[in-house]
Amino acid sequence: MSFPLYQSPGTIVFLDDDVDYLEMLALVLPKQWPVRLYLRPRDCINQLQQEPPLWEADRWAQQQLIDRWRESATPLIPQILRYWADSTGRYAIARVCVVDFSMPSMDGLQALGELVDWPGMRVLLTGQADEQVAVKAFNRGLIDQFVAKQTPDISRHLIEVVSRLLETGHQRMSQTWRTTLTPRQNALLRVPSIGAALRELVAKRWVQHVVIGQPFGVLGMDADGQVGWLQLEPVEDLADLAALAKAAGIGSAGADDIRHGRKLADVELHQSLGLTGAATLNPAFPVGREELLLAALFTVPPQFCPDPSKSFNHWLSQQPGRTVVD
């Protein structure tokens, strides 16, 4: 699936025995990235070895949301919003580790070999003489990417590689949320053009998101804590949505707009949040090339959004500066 069902910001770790290189990275890496810089392999390894329980605790917290939805019909959307507000510690968990291959005390593969239980993404930085080692490591699944240090404009290239890995999301987290989807919803999201369109749309608006099946859509939050809802509607279900909207107080003209794919109504979002009053009608647009899926963007009312002090940007502003751990 080209579009991750779950994505959240996390920390990026760099390990290199060249302090000047680490200090250069501290200056050029995107400001919105939480970064930890390590000069000594043992310090980096010791820190990352403490993180697998944090990954598992975060995954288990999400699984509990789904279990409550299944067992007691507790709507998912308000649960997710509470989880986002209460679990800002997840931002500190390292998602990607970039390790230099050539270090005097141990090479990069040896360092990564001590992190067999750490589930994040791994990037190996290599010199020209080490590229064959990196290719073999990549083919064996020991690393997710390798980057040659002699690559022109290495900083820009490294940022692109890490950005792609961050956008990929974590497979196990996506598997957790896939259980909320119906087989038909899952099949739609696996259509390549639909996945690509959703990836592009979500990346422009939010730093974290989750896809759910009831109601069907993407709940996303930007770096300042503003939450939006991307409602997804299979074209073949438009008549059902029109009937539901009409029963919820949408007039005949609005129901006709829904039936013909011109607009969508956030009836199920209202129901999930316990909102009273008429649902909102917003313009619909196609997702992908196959004309199988429509979407519409809605704003989640501010009273349901996490407090700004719980936003990613606020958390990031409270973190120490990018100093090398030496």
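The table for this structure:
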read-out	value
Rg over Rh [alpha-carbon atoms, Kirkwood Rh] for the stretch 15-100	1.14
In the stretch 147-255, GluC sites (Glu not before Pro) in a DSSP loop with at most 13 other beta-carbon atoms within 10 Å	none
Tail fraction, Cα-Cα pairs, the stretch 1-152, threshold 19 Å, whole percent	60 percent
THR180 - accessible surface, heavy atoms, 1.4 Å probe, Å² rounded to 10	10 Å²
Vicinal HN-Hα couplings computed from phi for the stretch 292-301 (Karplus, 6.51 cos²θ - 1.76 cosθ + 1.60; Hz; Gly/Pro x)	9, 9, 10, 9, 8, 9, 10, 9, 7, x
Long-range amide H partners of THR280 with built H, under 5 Å	ASP266
Positive-end residue, the chain charge dipole about Cα centroid, Cβ charges, pick of SER252, ILE12, TRP55	SER252
Stokes-Einstein translational diffusion, the stretch 119-173 - Kirkwood Rh over all Cα pairs, 1.567 mPa s, 4 °C, in µm²/s	109 µm²/s
Alpha carbon convex hull of the stretch 66-196, projected area averaged over orientations, nm²	11.3 nm²
Counted charge near ASP107, where neighbours are those whose Cβ lies closer than 9 Å (Asp, Glu -1; Lys, Arg +1)	-2
Total charge dipole magnitude, the stretch 171-288, about the Cα centre, Cβ charges on Lys, Arg, Asp, Glu only, Debye to nearest 20	340 debye
Partner lysines for LYS136 [C-alpha distance under 26 Å; skip if fewer than 8 residues away on the same chain]	LYS149
Diffusion constant of the stretch 253-323 at 4 °C, which comes from Stokes-Einstein with the Kirkwood Cα-pair radius and 1.567 mPa s, µm²/s	85 µm²/s
For the chain, with +1 on Lys and Arg beta carbons and -1 on Asp and Glu, the positive-most of SER174, PRO78, SER272 along the dipole	SER272
Enclosed volume per residue, in Å³, of the convex hull spanned by Cα atoms of the stretch 202-275	102 Å³
Partners for LYS204 among lysines (Cα-Cα distance below 23 Å; same-chain residues under 8 apart left out)	LYS31, LYS263, LYS310
The chain - share of DSSP beta bridges that are antiparallel (%, nearest 5)	55 percent
Cα-based Rg and Dmax for the chain, where Dmax is the largest Cα-Cα distance (Å)	22.0, 74
Calculated Rg and Dmax of the stretch 58-124 using C-alpha coordinates, Å	18.1, 56
The chain - charge dipole about Cα centre, Lys and Arg +1 at Cβ, Asp and Glu -1, debye rounded to 20	580 debye
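The values are calculated or read from the model by the stated rules, or taken from the named source; none is laboratory data. Remember, it's a predicted structure, so these values are computed and weren't measured experimentally. All Cβ positions, glycine included, derive from the backbone under ideal geometry; neighbour counts span all protein chains shown. All accessible areas refer to the heavy atoms of the entire protein, side chains included, with ligands and DNA or RNA removed. Shrake-Rupley method; radii C 1.70, N 1.55, O 1.52, S 1.80 Å.
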